[in-house]
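Remarks on the structure that follows.
The values are calculated or read from the model by the stated rules, or taken from the named source; none is laboratory data. These numbers come from a predicted model, not from an experiment. Positions of Cβ are backbone-derived with ideal geometry, glycine not excepted, and every protein chain shown enters the neighbour counts. Heads up: the accessible areas ignore ligands, DNA and RNA and are worked out on the full protein's heavy atoms, side chains in. Shrake-Rupley method; radii C 1.70, N 1.55, O 1.52, S 1.80 Å.
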Amino acid sequence: MPSTHIVIEGLTKTFRVAERRIGAMGAITGLLQRRWRTVQALRGISFTLEEGELLGLIGPNGAGKSTTLKILCGILEPSTGRCQVGGLVPWRDRVRHVARIGAVFGQRTQLWWDLPVVESFELLRDIYRVPLERYRKTADELIALLDLDRILGTPVRQLSLGQRMRCEIAASMLHEPRVLFLDEPTIGLDAVAKLAVREFVKTLNREHGVSVILTTHDMQDIEALAERVIVIGKGVILADGSLDALRRGALAERRLWVHFANDVEDVRVAGVSVRRRQGRSVELSFDPRVTSAHRLIAQVAAEFEVEDVHLEEPPIEEVIARFYALHAVEA
Amino acid sequence: MSAIVATLRPYQAVFKARFTLLLQYRAAAFAGFVTQCWWGGIKLMVLAAFFRSVRTTPMTFQQAVDYVWLGQAFLTLLPWSVDPEIARMVRSGDVAYERLRPLDAHAFWYARAIARRTATPLLRAIPMVLTAGLLFHVFGMSEWALSPPAGVQAAALFFLSMVLVILLSSAIATLMDIATVAALSERGVNALVGPLVIVFSGSLVPLPLFPDWLQPALRLQPLAGLLDTPFRIYGGHFAGLDALAALGRQAMWTIVLVLLGRLFMRRVMARLQAQGG
């Protein structure tokens, strides 16, 4: 029976940002009197995460994803609201809390720039006070899983982004945390590196039962990994559920490619629109709640000579874009 | 005992990693050595001119020579700039990662600072002391050469005082690192603290050569413990009880500044807003 790992309730966060006035006069008055602007990054976020769950946090830039993650990591203190990770309040019990979590911020580095990878690992081992035998076992496993053998001796600054990200993730797991926070772990990576990262996160979650919260702009990450998705926009949760539920709510349409045996003038079926034509192929879009796929195929086949059909769903990017548009948040 | 070892392990590891890393900057050390020899020569010529033009002096010429050479040898012990790595982390925002370590934030950076203030001076002090203390005699420039300490007791107290210099200097350096986090840039901190340290440690002009009425204040201020105190002990200018009192002042300032740093760190980190995203 999995127990609740993370509880967040009514989290808000307000930043005060100094505002720069425009022009030389503005700069001078700014010296005498600062003007402050408050930015509400979070306006009441609540969710819980069970142990071993994998949650994807998505939303446009500035939606509050990273702020949420930083609060969970204990780096930021929220303005109001409750947050507990494994029974600890992150910012209050910071030292005890951070010893039990792993975190990777895709645009930052936690490895020591001038040190070879393996020395960074050993330093982390001592910082987290990992017993030597324990470390050897975990490190060997991570090195094998992420294929780091050949780059262990390389100074971090000489690594490619993909190699570095693999090392970053390994570094975050050396002390065997039960929860891993990933902030845009695949940003800027090539296809192969992205796959490696996803594969690893999947293994970690499915086989080792590590709870994972990840933020990303890459919907393929979400498709490959997350059973549950939370969409954040303007500091509030817009949706919380499976990817399928999100799809049904935002863009339920499905698409049918029909390849005809001969030239066809016009395809007209009730409740169905033509999205595109390409020679003898036509892409039809339909609402599965109105027409089922097999009825549509039967209908088209009855009227025309059909060579091939191919059914697909709109790409996830499109679903999300539609979702943002529906909720009037800018992507 | 094993509990203490376990507690200290992360800080020791940070110290060791920084120390071995900094020992690798040999080209920089060599360039620094050459520059410091050059500046040492100029300072000595200025002092020689000064000593020839006045009748009574608060210290002998030999004491002044020792003071200058030791000052050149241990120049990098002074906390006159923010750790460039921490400055980079503040600019890039990586400093937030420092909060992810299950460590006492002040002790973590203090260990780093101590590493910087042992490895870097070590690389420069050894060739400098050898050059000023031995080679100058060989080349017949004995009157410009660094003389040995004033006695066995002076040597022992000098060593103790140098250990305190490392701890005091690192405490100030850590305060500067924290100020960098508060100001989001290292430039103001460097511009403000650098000159103060150079002047009031005695690095620019030996403190005994300042006006008499300033002496009591100069003696009590914390920066004297960075350079003036051990160098006066070395030359026998401070001996016996005077020397012990000077060591006491160094220790007191170290404790005060470490505690201040801890307080400052707590306040700055509570305010820290890792921005972006």
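Just to be sure I understand, how many residues within region B:2-21 are surrounded by fewer than 18 Cβ atoms within 10 Å (Cβ to Cβ) and charged (D, E, K, R)?
Residues meeting the conditions: 2.
Starting from residues that are of a type in the set (Val, Ile, Thr) and more than 19 Å from A:GLU313 (Cβ to Cβ), keep the ones in region A:221-268 and report whichever is nearest to the chain's Cα centre (by Cα).
A:ILE230
Could you pull out the residue among B:ARG99, B:ARG88 that is on the phi < 0 side of the Ramachandran plot, without any contact (Cβ under 8 Å) to a residue 60 or more places away in the chain and within 14 Å of another protein chain (Cβ to nearest Cβ)?
Answer to the selection: B:ARG88.
Looking only at region A:38-49, count every residue that is open to solvent by less than 10 Å² (accessible area, probe 1.4 Å) and among the small types (Gly, Ala, Ser) and tell me the total.
Residues meeting the conditions: 0.
Given the conditions (1) within 14 Å of another protein chain (Cβ to nearest Cβ); (2) within 20 Å of B:ARG267 (Cβ to Cβ), and given that B:ALA111 satisfies all but one, which numbered condition is not satisfied?
The one condition B:ALA111 does not meet is (2).
Regarding region A:227-244, can at least one residue be identified that is in contact with a His (Cβ under 7 Å, 6 or more places away or on another chain) and not polar (S, T, N, Q)?
So far as region A:227-244 goes, yes, one or more of its residues are in contact with a His (Cβ under 7 Å, 6 or more places away or on another chain) and not polar (S, T, N, Q).
With the structure loaded, tell me whether A:ARG289 is in contact (Cβ under 8 Å) with a residue 12 or more places away in the chain and surrounded by fewer than 20 Cβ atoms within 10 Å (Cβ to Cβ) or whether it fails that test. Before you say what the answer is, go through the steps one by one.
Details: in contact (Cβ under 8 Å) with a residue 12 or more places away in the chain: yes; surrounded by fewer than 20 Cβ atoms within 10 Å (Cβ to Cβ): yes.
When the stated conditions are applied, A:ARG289 passes them.
The rows are residues; the columns are (1) touching a His at 6+ places or on another chain (Cβ under 8 Å); (2) under 25 Å from A:PRO177 (Cα atoms); (3) facing chain A (nearest Cβ under 10 Å).
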| residue | (1), (2), (3) |
| --- | --- |
| B:SER2 | no, yes, no |
| B:ALA6 | no, yes, yes |
| B:ALA13 | no, yes, yes |
| B:ALA17 | no, yes, yes |
| B:PRO58 | no, no, no |
| B:GLN62 | no, no, no |
| B:VAL65 | no, no, no |
| B:SER92 | no, no, yes |
| B:LEU103 | no, yes, yes |
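Of everything in region B:122-162, what is open to solvent by 60 Å² or more (accessible area, probe 1.4 Å), in a loop (DSSP other than H, G, I, E, B) and touching a residue at least 12 places away in the same chain (Cβ under 8 Å)? Give them in sequence order.
Scanning region B:122-162 gives B:PRO148, B:ALA150.
Can you name the number of the only condition in (1) closer than 21 Å to B:GLY236 by Cβ; (2) in contact (Cβ under 8 Å) with a residue 12 or more places away in the chain that B:ILE166 fails?
For B:ILE166, the failing item is (1).
Being within 11 Å of another protein chain (Cβ to nearest Cβ), part of a strand (DSSP E or B) and over 22 Å from the mean Cα position of the chain (by Cα): is that true of A:ARG16 here?
It is true that A:ARG16 is within 11 Å of another protein chain (Cβ to nearest Cβ), part of a strand (DSSP E or B) and over 22 Å from the mean Cα position of the chain (by Cα).
Looking at (1) in contact (Cβ under 8 Å) with a residue 12 or more places away in the chain; (2) away from every other protein chain (no Cβ under 11 Å); (3) over 25 Å from A:VAL192 (Cβ atoms), find the lone condition where A:VAL156 falls short.
(3)
Of everything in region B:19-56 that's polar (S, T, N, Q) and outside any helix (DSSP H, G or I), which residue is farthest from the other protein chains (Cβ to nearest Cβ)? Break it down into steps so the answer makes sense when it comes.
So the first thing to find is which residues in region B:19-56 are polar (S, T, N, Q), and the list is B:20, B:24, B:35-36, B:53, B:56.
After this cut, where a residue has to be outside any helix (DSSP H, G or I) as well, the list is B:24, B:56.
On the way: B:GLN24: 8, B:THR56: 50 Å.
Per the stated criteria, the residue is B:THR56.
Could you please find all residues in region B:85-119 being at pLDDT below 90 and within 30 Å of B:GLY202 (Cβ to Cβ)?
Result: B:GLU85, single match.
Mind checking which pairs have a first residue in region A:27-42 that is part of a loop (DSSP other than H, G, I, E, B) and a second that is of a type in the set (D, E, K, R), Cβ under 8 Å, 6 or more apart or different chains?
Within 8 Å, the pairs are A:ARG34/A:GLU19.
Could you give me the residue pairs with C-beta distances under 8 Å whose first residue belongs to region B:171-186 and is open to solvent by 30 Å² or more (accessible area, probe 1.4 Å), whose second residue is of a type in the set (D, E, K, R) and in a helix (DSSP H, G or I) wherever it lies, and which are 6+ apart or on separate chains?
Taking only residues 6 or more apart or on different chains, the pairs are B:ALA182/B:ARG271; B:LEU184/B:ARG91; B:SER185/B:ARG91.
Kindly list the number of the only condition in (1) modelled with pLDDT of 90 or more; (2) on the phi > 0 side of the Ramachandran plot that fails for B:LEU77.
(2)
Which residue, of B:GLY194, B:GLY240, B:GLY236, B:GLY225, is surrounded by fewer than 16 Cβ atoms within 10 Å (Cβ to Cβ) and more than 21 Å from B:VAL46 (Cα to Cα)?
B:GLY240
Looking at this structure, is A:ARG157 out of contact with any helix residue (DSSP H, G or I) (no Cβ under 7 Å at 6 or more places or on another chain) and either in a loop (DSSP other than H, G, I, E, B) or open to solvent by 60 Å² or more (accessible area, probe 1.4 Å) (or both)?
When the stated conditions are applied, A:ARG157 passes them.
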